[in-house]
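Chemist: Got a structure for you, questions after.
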Number of protein chains: 2
Amino acid sequence: MITWPVPAPSLPEGVYSPLADAARAAAAAYGAARRRYPRQELAEEVATGADGTPTMRVDALVEAAIVDVIDAAQVNLLSEEAGFVDHGSAVTLVIDPMDGSANAAMGVPLSCFAGAVFRDGVATEALTVWLDTGRAWWALAGQPTPYQTTGRTTVDGSSIAMLRPKDNSREAWLRVASRVDRVRVLSTTCLETALVAEGSMDAFVDPGSDTHRIMDLAAAMVTLPSAGGVVMDVRGRPLEFDLDLSRRWSGIAAATRQLADELAETVVLT
Amino acid sequence: MITWPVPAPSLPEGVYSPLADAARAAAAAYGAARRRYPRQELAEEVATGADGTPTMRVDALVEAAIVDVIDAAQVNLLSEEAGFVDHGSAVTLVIDPMDGSANAAMGVPLSCFAGAVFRDGVATEALTVWLDTGRAWWALAGQPTPYQTTGRTTVDGSSIAMLRPKDNSREAWLRVASRVDRVRVLSTTCLETALVAEGSMDAFVDPGSDTHRIMDLAAAMVTLPSAGGVVMDVRGRPLEFDLDLSRRWSGIAAATRQLADELAETVVLT
């Protein structure tokens, strides 16, 4: 069993209620799952999600709690396991219920809830919660946040995080790692992009493995620009709200556009 | 400025007082440093440590607080900046005041205090504190702990953490990363080895860069065996208490001896 408790999220005033309720429900469900199931059962694959990837028990339990909130609030949901839950609302919450679920199931204390509010297809607000500590990052589109990126413009000397190397990204991973001053792999995109927004890292990169779905990047797409940074795809494909969960990207979250462009060039070798 | 507070450590009953006091002093000093200095000033190199590596301001501030505790308790200290502080005691605390100081200075919430108690050169007790959350791992040599490793015996299918790749370890890094199921780089050996002890990861490896000094591994050398795991050097060099801070190792902390041996073979290619 994982013995550490999962705290209630520390949410700021003013978060859109269904989004705040979803975050609280995710934390409560994750805490309950840890108390009830040992690591191996948290990690057990119990289904295949709407995005085509295996669903761990911990993913399923946390998402079920979020679906209950969404049903009560009568807003729409786009999520990796449930897919699109249509309540005929103009509001859709795009949510990654449990980002870093491999961490979450093992007890590595690096997993997140991340959600964004889309109104008629336009992102207006985002909330990221580091479930293991309750820390939250909140941003409104187009409005300044308390967070600010580092402002770094160059790969040389930078301190970044990357998605772990995969068969289709190993060379690019090493190329980027050899250039930067410091590299980390936390295995939770949503926490890593939040750390870029607050200025604790210069960038986060998927070096070309095309792992990201829209719910992995939606919160960052609001939070980073509000903090002075950018989110883009390494191959320049537009990041957009889409109900098609087969679409994938290789996201970059960076302190500046210049840094993002240089990282993309290092990955893709144009 | 880094805006998150540093909590007081949650220490169990029974920790050797000077070690507990040192951990509390480290957390208090790190919290005060964050409130007073912005990131760039925390990272500023203010001296060269006794181990020959640059000392950041945050390292210096935290270690100074620990030296005060050691002076009051009249035990000896072996630490990376101060070197050996001899009070003529039979007890020496081997301490890494701020493991993951690059994280700590940037605000990446992954940094630790780690200390071990040596009595006449024999390790008897260890305490690791994740400074950003206050979580603590405590172990007495030769006595069971509440932690237990995963028990995994094979590299294939394992979930591990590694020291970041360096110029002298890049090929071995990739070789190991290609074999395991999941790899992470948290940039704090002491937290990574504690997570191995509690069963949240199967192993942690420095794939041959010879980065570790005795204070990076001392706490793990007590904690891992008490939790059913092992700590060793990838090249089989004995890990031992030594006042010579120029000695370096490439540490492996693993759930089992078999896993440690297979990781070492993967790194060294015997």
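The values are calculated or read from the model by the stated rules, or taken from the named source; none is laboratory data. Since we're looking at a predicted model, the values are computed, not measured. Note that we place each Cβ from the backbone using ideal geometry, even for glycine, and neighbour counts take in every protein chain shown. Quick note on the areas: whole protein, heavy atoms, side chains included, nothing else; ligands and nucleic acids left out. Shrake-Rupley method; radii C 1.70, N 1.55, O 1.52, S 1.80 Å.
Chemist: Within the stretch B:106-128, identify whether any single residue is within 30 Å of residue A:183 (Cβ to Cβ), open to solvent by 10 Å² or more (accessible area, probe 1.4 Å) and either assigned by TED's automatic domain parsing to the domain that holds residue B:234 or modelled with pLDDT of 95 or more (or both), and answer yes or no.
Modeler: Taking the stretch B:106-128 as the starting set, the residues that turn out to be within 30 Å of residue A:183 (Cβ to Cβ) are B:106-116, B:126-128.
Restricting the remaining residues to those that are open to solvent by 10 Å² or more (accessible area, probe 1.4 Å) gives B:106.
With the extra rule that they be either assigned by TED's automatic domain parsing to the domain that holds residue B:234 or modelled with pLDDT of 95 or more (or both), the set shrinks to B:106.
Yes: one or more hits.
Chemist: Filter the stretch A:90-133 down to residues that are acidic (Asp, Glu) and touching a residue at least 60 places away in the same chain (Cβ under 8 Å) and give me whichever is farthest from the other protein chains (Cβ to nearest Cβ).
Modeler: Here the answer is A:125.
Chemist: So for the stretch A:196-213 (the condition being of a type in the set (Ser, Thr, Tyr), farther than 23 Å from residue A:129 by Cα, under 17 Å from the mean Cα position of the chain (by Cα) and surrounded by fewer than 23 Cβ atoms within 10 Å (Cβ to Cβ)), does at least one residue qualify? Step through it out loud before you land on a result.
Modeler: So the first thing to find is which residues in the stretch A:196-213 are of a type in the set (Ser, Thr, Tyr), and the list is A:200, A:209, A:211.
When the remaining residues are screened for being farther than 23 Å from residue A:129 by Cα, the result is A:209.
Narrowing the set further to residues that are under 17 Å from the mean Cα position of the chain (by Cα) leaves A:209.
So of that shortlist, the ones also surrounded by fewer than 23 Cβ atoms within 10 Å (Cβ to Cβ) come out as A:209.
Within the stretch A:196-213, one or more residues are of a type in the set (Ser, Thr, Tyr), farther than 23 Å from residue A:129 by Cα, under 17 Å from the mean Cα position of the chain (by Cα) and surrounded by fewer than 23 Cβ atoms within 10 Å (Cβ to Cβ).
Chemist: Hey, does the stretch A:9-24 have a residue that's among the aromatic types (Phe, Trp, Tyr) and either at pLDDT below 95 or open to solvent by 20 Å² or more (accessible area, probe 1.4 Å) (or both)? Step through it out loud before you land on a result.
Modeler: Residues of the stretch A:9-24 that are among the aromatic types (Phe, Trp, Tyr), as a first pass: A:16.
Imposing the further condition that a residue be either at pLDDT below 95 or open to solvent by 20 Å² or more (accessible area, probe 1.4 Å) (or both) reduces the set to A:16.
Looking for residues that are among the aromatic types (Phe, Trp, Tyr) and either at pLDDT below 95 or open to solvent by 20 Å² or more (accessible area, probe 1.4 Å) (or both), one finds at least one in the stretch A:9-24, hence yes.
Chemist: Among what's in the stretch B:141-153 and is open to solvent by 50 Å² or more (accessible area, probe 1.4 Å) and touching a helix residue (DSSP H, G or I) at 6+ places or on another chain (Cβ under 9 Å), pick the residue that is nearest to the other protein chains (Cβ to nearest Cβ).
Modeler: Here the answer is B:150.
Chemist: Quick test for you: out of A:92, A:48, A:53, pick the one residue that is at pLDDT 95 or above and assigned by TED's automatic domain parsing to the domain that holds residue A:135.
Modeler: Step by step, each of A:92, A:48, A:53 is checked, and only A:92 is at pLDDT 95 or above and assigned by TED's automatic domain parsing to the domain that holds residue A:135.
Chemist: Of all residues in the stretch A:154-167 being over 14 Å from residue B:177 (Cα atoms) and buried (at least 17 other Cβ atoms within 10 Å of the Cβ), which is nearest to the other protein chains (Cβ to nearest Cβ)?
Modeler: If we take residues in the stretch A:154-167 being over 14 Å from residue B:177 (Cα atoms) and buried (at least 17 other Cβ atoms within 10 Å of the Cβ), then A:159 is nearest to the other protein chains (Cβ to nearest Cβ).
Chemist: Additional query: Mind listing whichever residues of the stretch B:217-228 are open to solvent by 10 Å² or more (accessible area, probe 1.4 Å) and either on the phi < 0 side of the Ramachandran plot or in contact with a His (Cβ under 8 Å, 6 or more places away or on another chain) (or both)?
Modeler: Matches in the stretch B:217-228: B:221, B:225, B:226.
Chemist: Only one residue in A:187, A:246 is open to solvent by less than 40 Å² (accessible area, probe 1.4 Å) and in contact (Cβ under 8 Å) with a residue 40 or more places away in the chain. Which one?
Modeler: None of the others qualify; the one that does is A:187.
Chemist: Regarding the stretch B:11-33, can at least one residue be identified that is in contact (Cβ under 8 Å) with a residue 24 or more places away in the chain, out of contact with any strand residue (DSSP E or B) (no Cβ under 6 Å at 6 or more places or on another chain) and within 14 Å of chain A (Cβ to nearest Cβ)?
Modeler: Within the stretch B:11-33, none of the residues are in contact (Cβ under 8 Å) with a residue 24 or more places away in the chain, out of contact with any strand residue (DSSP E or B) (no Cβ under 6 Å at 6 or more places or on another chain) and within 14 Å of chain A (Cβ to nearest Cβ).
Chemist: Quick test for you: out of A:182, A:170, pick the one residue that is open to solvent by 10 Å² or more (accessible area, probe 1.4 Å), within 16 Å of residue A:250 (Cα to Cα) and in the same structural domain as residue A:228 (by TED's automatic domain parsing).
Modeler: None of the others qualify; the one that does is A:170.
Chemist: Now, a different point. Among the numbered criteria (1) of a type in the set (Asp, Glu); (2) surrounded by fewer than 24 Cβ atoms within 10 Å (Cβ to Cβ); (3) out of contact with any strand residue (DSSP E or B) (no Cβ under 7 Å at 6 or more places or on another chain), which one does residue B:132 miss?
Modeler: All conditions pass for residue B:132, except number (2).
Chemist: Of the residues that sit in the stretch A:38-57 and are under 13 Å from residue A:101 (Cβ atoms), free of Cβ contacts under 8 Å to residues at least 40 places away in the same chain and within 14 Å of another protein chain (Cβ to nearest Cβ), which one is least open to solvent (accessible area, probe 1.4 Å)?
Modeler: A:54
Chemist: Evaluate the following for residue A:254: is it among the small types (Gly, Ala, Ser), in contact (Cβ under 8 Å) with a residue 60 or more places away in the chain and in contact with a Cys (Cβ under 9 Å, 6 or more places away or on another chain)?
Modeler: Taking the combined requirement at face value, the residue does not satisfy it.
Chemist: Residues of the stretch A:190-204 being facing chain B (nearest Cβ under 7 Å) and in contact with a strand residue (DSSP E or B) (Cβ under 6 Å, 6 or more places away or on another chain), which ones?
Modeler: Listed by number, the list holds a single entry, A:201.
Chemist: Kindly list the number of the only condition in (1) at negative phi; (2) at the interface with chain A (Cβ under 7 Å from one of its Cβ atoms); (3) among the polar types (S, T, N, Q) that fails for residue B:187.
Modeler: For residue B:187, the failing item is (1).
Chemist: Answer with yes or no whether residue A:80 is away from chain B (no Cβ under 14 Å), closer than 17 Å to residue A:190 by Cα and out of contact with any Phe, Trp or Tyr (no Cβ under 6 Å at 6 or more places or on another chain).
Modeler: When the stated conditions are applied, residue A:80 passes them.
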